[in-house]
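Structure, as structure tokens:
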Amino acid sequence: MKLILTREVAGLGTAGDVVTVKDGYARNFLLPNHQAIAWSEGGEKQIEGIRRARSAREIQSLDHAKEIKAKLEAAEIVVKAKVGSTGHLFGSVTDKDIVAAIKSATGVDIDRHHIKLAGHIKLVGKYPAKISLISSVVANISVTVVAA
């Protein structure tokens with residue numbers, strides 16, 4: 001089956017690539033997880049938009065990655081969440097919440113799939129997180145969760 005990737009898939013390609021995969025892999029994994037769309041003549045026109053969005057988020061060079069790493073590690077990342085009377089969050093802090101906090105604190109747009117947390121964040125406090133900017137540059141940040 002011919003597909004257009006909408007995000008990076010390990011061992012397959014990056015966003016905007018046209019790939020051919022087995023039907024079961026496409027139907028059972030890539031399409032339900034919104035990692036790809038079915039290829040069509042009309043979908044071919046979307047490729048340029050996907051590639052433009054990817055290049056806006058993409059890190060251009062090693063120096064650029066180190067610059068972003070320094071900016072992220074220097075910033076104070078604070079996520080506000082609803083908290084119950086016991087200090088437990090209603091739900092948990094997600095990678096989307098962290099991306100929004102990074103964007104507001106530094107102005108840097110990070111792909112949420114590059115954020116690695118040690119576990120679920122369900123309490124108020126400070127938590128470590130790693131952000132893979134490129135394969136050789138990883139930013140170690142501290143995420144502070146406070147009551148909203």
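The values are calculated or read from the model by the stated rules, or taken from the named source; none is laboratory data. It should be emphasised that the depicted structure is a prediction, and the values quoted were computed from it without experimental measurement. As a convention, Cβ positions derive from the backbone with ideal geometry for all residues, glycine included, and neighbour counts pool all protein chains shown.
Report whether or not V78 is closer than 26 Å to T14 by Cβ and either outside any helix (DSSP H, G or I) or touching an Asp or Glu at 6+ places or on another chain (Cβ under 9 Å) (or both).
No, not satisfied.
Out of all the residues in the range 107-129, which are under 20 Å from I68 (Cβ atoms) and surrounded by fewer than 17 Cβ atoms within 10 Å (Cβ to Cβ)? First the steps, then the outcome.
Taking the range 107-129 as the starting set, the residues that turn out to be under 20 Å from I68 (Cβ atoms) are 107-117, 128-129.
Within the range 107-129, G107, D109, R112, H113, K116, L117, P128 qualify.
Of the conditions (1) closer than 30 Å to K126 by Cα; (2) without any contact (Cβ under 8 Å) to a residue 24 or more places away in the chain; (3) out of contact with any Leu (no Cβ under 8 Å at 6 or more places or on another chain), S92 satisfies every one except a single condition; which number is it?
Only one criterion in (1) closer than 30 Å to K126 by Cα; (2) without any contact (Cβ under 8 Å) to a residue 24 or more places away in the chain; (3) out of contact with any Leu (no Cβ under 8 Å at 6 or more places or on another chain) is unmet by S92, namely (2).
Which of the residues belonging to the range 87-113 are in a loop (DSSP other than H, G, I, E, B) and aliphatic (A, V, I, L, M)? Break it down stepwise before answering.
Applying the first criterion (in a loop (DSSP other than H, G, I, E, B)) to the range 87-113 yields 87, 94, 107-111.
Result: V108, I110.
Only one of S85, S92, S135 is within 30 Å of G16 (Cβ to Cβ) and of a type in the set (S, T, Y); which? Break it down into steps so the answer makes sense when it comes.
Details: S85 fails: within 30 Å of G16 (Cβ to Cβ); S92 fails: within 30 Å of G16 (Cβ to Cβ).
The conditions single out S135.
Does A26 count as modelled with pLDDT of 90 or more and either assigned by TED's automatic domain parsing to the domain that holds S136 or surrounded by 10 or more Cβ atoms within 10 Å (Cβ to Cβ) (or both)? Let's see the steps before the verdict.
Numbers: modelled with pLDDT of 90 or more: yes; either assigned by TED's automatic domain parsing to the domain that holds S136 or surrounded by 10 or more Cβ atoms within 10 Å (Cβ to Cβ) (or both): yes.
Against the criterion (modelled with pLDDT of 90 or more and either assigned by TED's automatic domain parsing to the domain that holds S136 or surrounded by 10 or more Cβ atoms within 10 Å (Cβ to Cβ) (or both)), A26 qualifies.
Which is of a type in the set (K, R), part of a strand (DSSP E or B) and closer than 25 Å to L62 by Cβ, of K126, K116? Explain how you work it out, then say what you get.
On the way: K126 fails: closer than 25 Å to L62 by Cβ.
Within the list K126, K116, the selection yields K116.
Return a yes/no flag: does the range 64-74 have any residue that is more than 16 Å from the chain's Cα centre (by Cα), assigned to a helix (DSSP H, G or I), surrounded by fewer than 16 Cβ atoms within 10 Å (Cβ to Cβ) and hydrophobic (A, V, I, L, M, F, W, C).
From the range 64-74, those more than 16 Å from the chain's Cα centre (by Cα) are 64, 66-67, 70-71, 73-74; that's our starting set.
Adding the requirement that they be assigned to a helix (DSSP H, G or I) leaves 64, 66-67, 70-71, 73-74.
If we keep only those that are surrounded by fewer than 16 Cβ atoms within 10 Å (Cβ to Cβ) too, we end up with 64, 67, 70-71, 73-74.
Okay, now just the ones that are also hydrophobic (A, V, I, L, M, F, W, C), so 70, 74.
Within the range 64-74, one or more residues are more than 16 Å from the chain's Cα centre (by Cα), assigned to a helix (DSSP H, G or I), surrounded by fewer than 16 Cβ atoms within 10 Å (Cβ to Cβ) and hydrophobic (A, V, I, L, M, F, W, C).
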